[in-house]
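Here the structure comes first, spelled out in structure tokens, and everything after it is commentary.
The values are calculated or read from the model by the stated rules, or taken from the named source; none is laboratory data. From a predicted model like this one, the values you see are computed outputs, not experimental measurements. Here the Cβ positions follow ideal geometry from the backbone for every residue, glycine too, while neighbour counts run over all protein chains shown. The protein model used for the area step is the full one, side chains on, heavy atoms only, and it has no ligands, DNA or RNA in it. Shrake-Rupley method; radii C 1.70, N 1.55, O 1.52, S 1.80 Å.
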Amino acid sequence: MRLRDVTILFLGMVSAVSGSETIRTDDLLEGKFSISTPVYKAHSGATLIAGKGDNALFTLNSSGEVTFKALPSVQKAHNDYTIVVKEANSEITVLLRVMNDVIDLGKEGKLITPVHVGTQWFYHWDRSGDGTSDNSGVLNGGADFVSFDRLNAIFNHDAKGKTRKEGVNNLYRYGTINGIKLALPTSGTGKKDESSPNHAYIVSRSGKCSDLCAIWSESGYSEPAGWTANRYGAATPSGLGYSALNMQNGEISEMIHYNTPYAALEVL
């Protein structure tokens, strides 16, 4: 994914000491940019401060465009870089993240076809390991779908690492696979519980949403390219125990512990 707008999207600015600031740039996706793609646009006359951060990996031209000297290789989930720029009387620290386009989860398969929603990255969990959303790989019985029993066994921590044995919910949905920190998305409808009289309903297209709902809406109310037109498990509970969102039609349905939806995972 390329940097949006004028090569950069400011996601936040945090004041530091006087005359300095820290900026996080938009994330990049490995293989989707070149060494000529600016990762930061400084004012003319700015300089990279030698010996600071990861400045040795970057170059800055007379127009103030900071670019990689060579394309990075991402071995795990992402590479994080710190670029320190001198502008007039200010020192600006730029934080840049390059995401891997395919993340290896070892015996648990792969994360593929990432989707960028705001500041979050979501991947289809290719549990069969064939590199697609088809159920045709050699891992995990050749299936990408997964039971909530299995999801509960992995994603049973809150953001601070506290464990809950009763199963995933909107708070306890974090886990680690092959050293990669991950989160099972919520339904994203804003509800704490997805119980409904008919055990299913269609998400409104006019409301605000996040996580699974945002993936669906920002993909044109459909499954993202490379994903499957099927149910994706949510961390949000329901009267039957669990819930899922169907990427094909936006239906939220209640599910029980041994139901087997597909899974999208957020890489942290």
Go through segment 175-201 residue by residue and tally those that are surrounded by 20 or more Cβ atoms within 10 Å (Cβ to Cβ), without any contact (Cβ under 8 Å) to a residue 60 or more places away in the chain and of a type in the set (Ser, Thr, Tyr). 1
Between a first residue in segment 240-268 that is free of Cβ contacts under 8 Å to residues at least 60 places away in the same chain and a second residue that is open to solvent by less than 10 Å² (accessible area, probe 1.4 Å) and among the charged types (D, E, K, R), which pairs have beta carbons less than 8 Å apart while being 6 or more apart in sequence or on different chains? Ser243/Glu194
Residue pairs, Cβ under 6 Å, 6 or more apart or interchain, first in segment 53-80 and of a type in the set (Asp, Glu), second open to solvent by less than 60 Å² (accessible area, probe 1.4 Å). List them. Asp54/Tyr81; Asp54/Thr82; Glu65/Pro38
Which of the numbered conditions does Arg205 fail, given that it passes all the others? Conditions: (1) under 19 Å from the mean Cα position of the chain (by Cα); (2) more than 30 Å from Asn100 (Cα to Cα). (1)
Going through (1) surrounded by 17 or more Cβ atoms within 10 Å (Cβ to Cβ); (2) closer than 26 Å to Met247 by Cα one by one, Arg24 fails only at (2)
Take Ser210 and decide whether it is open to solvent by 10 Å² or more (accessible area, probe 1.4 Å) and under 30 Å from Glu108 (Cα atoms). yes
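Scan segment 70-86 residue by residue and report those that are in a strand (DSSP E or B) and open to solvent by 20 Å² or more (accessible area, probe 1.4 Å). Spell out how you get there, then give the answer.
Taking segment 70-86 as the starting set, the residues that turn out to be in a strand (DSSP E or B) are 78-86.
Correct list: His78, Asn79, Asp80, Tyr81, Thr82, Lys86.
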Look through segment 90-119, keep the residues that are at pLDDT below 95 and either in a loop (DSSP other than H, G, I, E, B) or under 11 Å from the mean Cα position of the chain (by Cα) (or both), and return whichever of them is surrounded by the most Cβ atoms within 10 Å (Cβ to Cβ). Thr119
Subset of segment 137-174, residues closer than 22 Å to Ala214 by Cα and open to solvent by less than 10 Å² (accessible area, probe 1.4 Å), comes to Asp144, Val146, Phe148, Leu151, Phe155, Val168
Got at least one residue in segment 23-39 being in contact (Cβ under 8 Å) with a residue 60 or more places away in the chain, charged (D, E, K, R) and farther than 27 Å from Gln120 by Cβ? no
